[in-house]
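Here the structure comes first, spelled out in structure tokens, and everything after it is commentary.
The values are calculated or read from the model by the stated rules, or taken from the named source; none is laboratory data. It should be emphasised that the depicted structure is a prediction, and the values quoted were computed from it without experimental measurement. Cβ: placed from backbone, ideal geometry, glycine included. Neighbour counts: every protein chain shown. Each accessible area value is taken on the protein alone, full model and side chains, heavy atoms only, with ligands, DNA and RNA left out. Shrake-Rupley method; radii C 1.70, N 1.55, O 1.52, S 1.80 Å.
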Amino acid sequence: MNEEKLLFTVEAEDEDVRIDAWLAGNIDGMSRSYLQKIVKEGGVAVNGKIVKANYKLRENDEIRVSIPENKEPDIEPENIPLDILYEDSSLLVVNKPKDMVVHPAAGHYSHTLVNALLYHCHDELSGINGILRPGIVHRIDKDTTGALVVCKTDSAHRKLAEQLSVHSITRRYRAIVHGNIAEDELTITGNIGRHPTDRKKMAVVPEDKGKPAVTHVKVLERLRGYTYVECSLETGRTHQIRVHMTKIGHPLLGDEVYGTKKCPVKGLQGQTLHARILGFVHPETGKYMEFEAPLPEYFQELLRKLSV
């Protein structure tokens, strides 16, 4: 049977974590129960030896996960309308709507952005990230809206990935957060890594753990009990804005993972976060380009309701 093999090295911050919990927090889109099944069937080895689900990790452990290929179905093109901000022969920039997953994963193989891209672009998508993520260089959360770049060629993909790795891509987000922020501008720092007890969440961790993260925040408007802000990413860690804003006591409105468990605004689904500005050097022309995704209607309506 053909298998997809995933390789990982354990960092110090993950000492003593159960391997099934660690895998669930580090392999996107696969449930803990499904990964436990893989472990039970002998699909996970640590330092060359098959382990059980309750194995406790040690720093520098080498983990090999063998995922049966037949668990990965064909991804079908779907005629889902795309809001395209820009397109040429190398790439396109799309304005992703709320409640849309960027790429397929176990148990969720349809109605994603990738399904829509396959219909729109046919076979013209980079293949560097495999059959589940064609064209995808970076992603945003399911309930985050806004600008996302997609590559059609492997050459463009590699060059944009390099810009991401050195943090030279411009990314400015709009958000509504709980409470009134006193300062007009501030910078939030703090390494981001896996939450020490909830492995599906991220958290600000000690300086010797996680990865450095910097978020610049500018107040745009103070609302009734909330603040409308622009967040500029100096780095691009997983859930960075959501984690950093929670760290300073101003979680995002609608964020039931890092903020309040029950959203105070009826009908709001997920965090109020929008990728407004995306800028990068075009991988083929060498010219800097910047794109702006307009605020979605739900976001504009919230601003009107919450204005003083």
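Given the whole protein assembly as supplied and a 1.4 Å probe, what does the accessible area of Cys231 come to in Å², nearest 10?
The accessible area of Cys231 comes to roughly 0 Å².
Is the shape of the stretch 214-269 rounded, prolate or oblate, going by the alpha carbon gyration tensor and its root eigenvalues a ≥ b ≥ c, with a/c under 1.5 for rounded and a/b larger than b/c for prolate?
Judged from the Cα gyration tensor, the stretch 214-269 comes out oblate (a/c at least 1.5, b/c at or above a/b).
Taking 8 Å as the Cα distance limit and 6 or more residues as the minimum spacing, I'd like the relative contact order of the chain as a percentage.
15 percent
Set the Förster distance to 25 Å, then compute FRET efficiency between Ala45 and Glu15 from the Cβ-Cβ distance, nearest 0.05.
The pair Ala45/Glu15 has a calculated efficiency of 0.85.
Pop out the ³J(HN,Hα) list for the stretch 247-256 in order, Karplus 6.51 cos²θ - 1.76 cosθ + 1.60 with θ = phi - 60°, rounded to Hz; leave Gly and Pro as x.
4, 8, x, 10, x, 5, 4, x, 8, 7
Using semi-axes √(5λ) of the Cα gyration tensor in Å as the read-out, say which of [x] 42, 19, 16; [y] 28, 23, 17; [z] 32, 26, 19 was calculated from these coordinates.
It is the one labelled [z].
Per residue, how much accessible area does the chain show when a 1.4 Å probe rolls over the protein heavy atoms, in square angstrom?
I get 49 Å² per residue for the chain.
Set the Förster distance to 30 Å, then compute FRET efficiency between Arg32 and Glu76 from the Cβ-Cβ distance, nearest 0.05.
Working from the Cβ atoms, E equals 0.65.
Once amide H atoms are built 1.01 Å from N in the peptide plane, which residues 5 or more positions from Asp143, or in another chain, come under 5 Å H to H?
HN-HN under 5 Å from Asp143: Asp99.
Which length gain, in nm to one decimal place, applies between Lys211 and Arg58 when the Cα-Cα distance is subtracted from 0.36 nm times their residue separation?
Residue separation times 0.36 nm, minus the Cα-Cα distance, leaves 53.2 nm.
Please give the Cα centre distance for the stretch 214-254 versus the stretch 184-206, rounded to the nearest Å.
13 Å
Please give me the summed charge of the neighbours of Cys231: other residues whose Cβ is under 12 Å from its Cβ, Lys and Arg +1, Asp and Glu -1.
+3
Would you mind telling me the share, in percent, of accessible area of the chain contributed by carbon and sulfur at probe 1.4 angstrom?
For the chain, the apolar C and S fraction of the accessible surface comes to 48 percent.
Can you compute the modelled spin-label distance between Thr197 and Gln300, with each label point 7 Å from Cα toward Cβ, in nm?
My value for the distance between the label points is 4.3 nm.
Could the peptides 161-170, 242-251 be put in order, highest first, of the mean number of other beta-carbon atoms found within 10 Å of their residues?
242-251, 161-170
Where does the charge balance sit around Ser90 when Lys and Arg score +1, Asp and Glu -1, over other residues with C-beta under 11 Å from its C-beta?
Overall, the nearby charge balance is -3.
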